[in-house]
Each structure stands twice: as C-alpha cells, then as structure tokens.
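Trainee: Following this message is one structure expressed as structure tokens.
The values are calculated or read from the model by the stated rules, or taken from the named source; none is laboratory data. Please read these numbers as outputs of a predicted model, since none were measured by experiment. We place every Cβ from the backbone using ideal geometry, glycine too, and count neighbours over all the protein chains shown. For accessibility, only protein heavy atoms count, side chains too; no ligands or nucleic acids. Shrake-Rupley method; radii C 1.70, N 1.55, O 1.52, S 1.80 Å.
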Amino acid sequence: MPQNATPAGGDAAPADTVIAFEGAEKRFPSKEGAPVTALKGLDLSVASGEMVAIVGQTGCGKSTAFNLLLGLYEPTSGRVTVAGCNPYAQFQDLKGRIAVVFQDDRLLPWRTAEQNVALGLEYQGLGKSERLEIARTWLGRLGLEGRESAYPHQLSGGMRQRVGIARCFALNPDIILCDESFSRLDELTAERLRGEFVNLVKDEGKTGVFITHSIEEALSIGDRVVVFRAPGHVAAEFTIPAGLESAELGSYRQRIREAMATAP
Ligand SMILES: Nc1ncnc2c1ncn2[C@@H]1O[C@H](COP(=O)(O)OP(=O)(O)O)[C@@H](O)[C@H]1O
Ligand SMILES: [Mg+2]
C-alpha cells in the first residue's frame with residue numbers, strides 16, 4: 001500500500017478539509033546524480049468553499065504540488081489527501097470531482113467551442129442533447145453566447161480560456177484547480193477574467209486552488225494567500241479581508257513580497 005494511502009480525518013484535519021498536504025515531500029531523480037527536492041515538509045490544508053491562492057517564485061514547487069493533487073505522481077514521503085482520497089492511488093474515485101484550468105487552454109482544435117465543453121460530459125455518460133445544453137449554458141455564462149460553433153482558432157486567447165473555464169464548470173466538480181491559468185493573457189483580459197472566475201467559484205460554492213507567480217493575481221483571487229518558498233514549503237499565509245482599501249492592500253502586497261523573497 002502506498003505510504004499516503006490512509007484516508008484523511010482522524011488526527012489533525014478538521015471535518016471540512018477537502019485538500020491536505022501533510023509533511024509532503026517530493027524528490028525527482030536528476031541526471032547529475034543528486035535528486036532535486038521540489039517539495040519539502042509541505043503542510044497545507046484547504047477547507048470546503050475556500051478560494052486559496054498559492055504564490056511563489058518560479059521553481060519553488062507550485063506545479064509539483066498541483067500535480068500531486070491531480071494524482072500524477074506520489075509524494076516521496078508524507079501524505080496528500082483530496083476529498084478524503086489519496087489522489088494517486090484513488091485516481092478513479094476523484095474523477096469528475098476535480099476540474100482543472102491550465103495555463104494553455106488545451107482545447108481540441110477540431111472541435112467547436114460547445115463540443116469542447118461537452119467532451120468531459122460525454123465521458124460522464126450524458127446524452128448528446130443534455131451535454132450540449134449544459135455546454136451552451138456555461139458558454140453563455142462565460143459571455144460566449146453566439147460563439148458556440150466557433151473553432152478554437154477562430155477565438156481570441158481570452159475567449160479560448162473562457163471555453164476552458166466553461167468546460168471546467170460544466171463538469172460540476174467540487175474542486176477547481178488552476179495553474180497560472182491567466183498568465184498568458186494580456187493584463188486587461190486577465191484582470192476581467194479573474195474577477196468573473198472568482199465570482200463563479202463563489203456562486204457555485206466550489207473550492208478553488210489557484211497557483212500563480214503574480215502577487216497581484218494572488219491578492220485579487222485568494223481569500224487566503226499562501227506563500228511558497230523553495231524547496232516547496234509554506235513560508236507564510238495571509239487571510240485577505242474583503243473590500244480592502246488600497247493602503248491596506250499595499251501592506252499585504254509588501255508582506256507577501258517579503259515572504260516570497262526572504263531566505264529560509
Ligand atoms: N519532473 C521533474 N523532474 C525533475 N525535476 C523537476 C520535475 N518537475 C519539477 N522539477 C524541479 O522541481 C522544482 C520545482 O518545480 P515546479 O514545481 O515546476 O516549480 P514552479 O511551478 O513553482 O515553478 C524545480 O527545481 C524543478 O526544476
Ligand atoms: Mg509551475
């Protein structure tokens with residue numbers, strides 16, 4: 001049995017914890033000999049309905065943590081739990097409960113916007129008319145009414161990312177994970193999409209984890225901003241009150257910046 005196969009609960013985790021890293025460590029073998037430690041002593045839990053932004057410099061282990069949540073590999077030691085499951089060993093149990101918005105839209109170029117959104121629903125076994133109806137509803141909510149039959153190459157980068165978000169919500173997952181999802185968009189498009197995305201996550205009562213290297217993005221997305229520092233561990237956490245004045249926001253910005261940069 002894998003080392004982290006024990007379900008969460010019991011000891012420290014509160015009942016509404018949906019994501020937990022407990023002393024998670026991940027080492028990768030390297031050609032040079034010494035393994036690369038991407039995560040070390042990562043402790044982090046996310047409660048149901050929270051929107052957590054993870055921010056940190058390039059190479060600090062954000063994507064590695066993300067990939068552990070997706071069950072792409074096991075931690076070298078420690079434990080990772082998602083919705084009470086070990087995402088690596090119980091990959092099947094989490095199908096449909098987690099959805100991801102990647103940095104690139106990952107749309108199938110030969111499928112229209114609505115066919116792309118409907119794809120995951122096809123895997124869930126929904127009939128054609130039902131899945132197209134759900135797809136159209138979500139494209140409408142993302143402001144893409146009238147573009148349902150467009151192919152990805154006929155859409156702007158922002159629109160393609162909107163299709164990716166529609167595809168994610170159409171699955172009706174409990175948890176939405178984003179890794180640098182808006183970092184390839186221009187600033188204004190990203191800003192608009194961030195706001196809409198956060199509102200959707202809240203309105204739908206989802207739990208969200210948003211990974212970014214941008215302090216501004218973390219501040220505008222997270223109820224809580226978790227600062228990672230290499231090798232992948234939590235250097236600091238900040239709960240961000242809603243409706244901050246710009247001076248207070250500036251103080252959080254500064255504290256996050258210091259936490260990201262300070263030597264461990
Ligand atoms: N598959 C891998 N094989 C070897 N090293 C890796 C692999 N994935 C990530 N790393 C290393 O782990 C560290 C953390 O990487 P990553 O999680 O991608 O950071 P971030 O997403 O914060 O930029 C880096 O030093 C990176 O080179
Ligand atoms: Mg990354």
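Trainee: For the range 52-91, which chymotrypsin sites (Phe, Trp or Tyr not before Pro) are both in a DSSP coil and crowded by at most 15 other Cβ atoms within 10 Å? Walk me through the intermediate numbers first.
Mentor: Numbers: sites: F66, Y73, Y88, F91; in loops: Y73, Y88.
Sites meeting the loop and neighbour criteria: Y73.
Trainee: Could you provide, to the nearest whole Å², the per residue accessible area of the chain with probe 1.4 Å?
Mentor: Values: 12520 Å² over 264 residues.
Result: 47 Å² of accessible area for each residue.
Trainee: Let's test the formula: R0 of 51 Å, r as the Cβ-Cβ distance of T239 and A34. What FRET efficiency results, to the nearest 0.05?
Mentor: The formula returns an efficiency of 0.85 here.
Trainee: Between the range 61-98 and the range 170-230, what is the separation of their alpha carbon centroids in Å?
Mentor: The range 61-98 and the range 170-230 have Cα centres spaced 19 Å from each other.
Trainee: A follow-up question, please. Go through I215, I165, P241 and say which Cα lies farthest out towards the positive end of the charge dipole of the chain; charges sit on Cβ, +1 for Lys and Arg, -1 for Asp and Glu.
Mentor: In the chain, that residue is I165.
Trainee: While we're looking at this one, here's another question. Let me have the relative contact order for the range 10-71, percent, based on Cα pairs under 8 Å that are six or more residues apart.
Mentor: Rounded, it is 30 percent for the range 10-71.
Trainee: Okay, moving on. So what is the relative contact order of the range 107-172, in percent, for Cα pairs below 8 Å that sit 6 or more residues apart?
Mentor: Values: 77 pairs, mean separation 31.6, N = 66.
With pairs under 8 Å counted, the relative contact order is 48 percent.
Trainee: Further question on the same structure: Among K40/K206; K62/K206; K40/K202; K26/K202, which pairs are too far apart, with a Cα-Cα distance over 23 Å? Don't skip to the answer; put the middle values down first.
Mentor: On the way: K40/K206 28 Å; K62/K206 21 Å; K40/K202 31 Å; K26/K202 32 Å.
From the list (K40/K206; K62/K206; K40/K202; K26/K202), the Cα-Cα distance tops 23 Å for K40/K206; K40/K202; K26/K202.
Trainee: List the GluC sites (Glu not before Pro) within the range 108-169 that DSSP assigns to loop and that have no more than 15 neighbouring Cβ atoms inside 10 Å.
Mentor: Passing both the DSSP loop test and the Cβ count: E145.
Trainee: Write out the trypsin sites (Lys or Arg not before Pro) in the range 69-104 meeting two conditions: DSSP loop, and at most 14 other Cβ atoms within 10 Å of their Cβ. Write out the running numbers ahead of the final one.
Mentor: Working: sites: R79, K95, R97; in loops: K95, R97.
When the trypsin sites (Lys or Arg not before Pro) of the range 69-104 are filtered for loop state and at most 14 Cβ neighbours within 10 Å, K95 remain.
Trainee: Quick check: from the Cα gyration tensor, does the range 107-172 come out rounded (a/c under 1.5), prolate or oblate?
Mentor: Details: a/c = 1.74, a/b = 1.50, b/c = 1.16.
Cα axes put the range 107-172 in the prolate bin.
Trainee: Go ahead and collect, in residue order, the members of the range 90-127 whose backbone nitrogen is under 13 Å from a label point 7 Å along the Cα-Cβ direction of S63.
Mentor: Backbone N within reach: 102-104.
Trainee: Ignoring ligands, DNA and RNA, what percent of the accessible area of the chain is carbon or sulfur (1.4 Å)?
Mentor: Here it works out to 50 percent.
Trainee: Would you mind calculating the relative contact order of the chain from Cα pairs under 8 angstrom and at least 6 residues apart, reporting the percent as a whole number?
Mentor: Details: 507 pairs, mean separation 65.8, N = 264.
Across the chain, relative contact order equals 25 percent.
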